[in-house]
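*Asks:* Would you mind keeping the following structure in view while I ask a few things?
Laboratory data are not the source of any read-out in this text; all were calculated from the coordinates shown. Small disclaimer: the values here were computed from a predicted structure and weren't measured. Don't worry about glycine lacking a Cβ; one is built from the backbone with ideal geometry, like all the others, and counts go over all protein chains shown.
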Amino acid sequence: MRSAERNALVAPGVRVDLDNNLITLLAPDERSGETTPIRAIERSGNDVVMTGINAGRGWSITLSETDGGVVITVNLGDAAYVVFGQCIAEDLLSP
C-alpha cells in the first residue's frame, strides 16, 4: 500500500488524490473525469477519513493505510449507499 499522501485508485472507479484534496470519477464512462473536492481529511490510527458534499449529497471515504481496504458511503437523505472495496496503487494499473 502506498503512503496516503499519494494518489490511489479506490474501487469502484474513483481516484483519491490526497495531495490535491480531490476525488475524480473514473466510471461510468458518461461521468468519467468529473471531480469533487475533499472538504475534510482526518487520520485515526491507520485510517484516513475523508468527507465532502457533491450535488447536495454528503459522502465519506474511510481508507485503511494498513491493508488498503476502503468503505465509501453516500447519504441520499432518505437512503444511503455503502460500498466496500480495495485500493489499488495507480502505478499498478494497465495503461
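*Asks:* Per the Kirkwood definition applied to all pairs of different Cα atoms, how many angstroms is the hydrodynamic radius of region 28-84?
*Replies:* Value: 12.4 Å, from the Cα pair sum.
*Asks:* Considering only the other residues whose Cβ falls under 12 Å of the Cβ of residue 64, what net charge follows from Lys and Arg at +1 and Asp and Glu at -1?
*Replies:* Numbers: positive: 43; negative: 47, 65, 67.
Neighbourhood net charge equals -2.
*Asks:* Each label point is 7 Å from the Cα along the Cα-to-Cβ direction; what then is the distance between the points at residue 35 and residue 15, in nm?
*Replies:* 1.0
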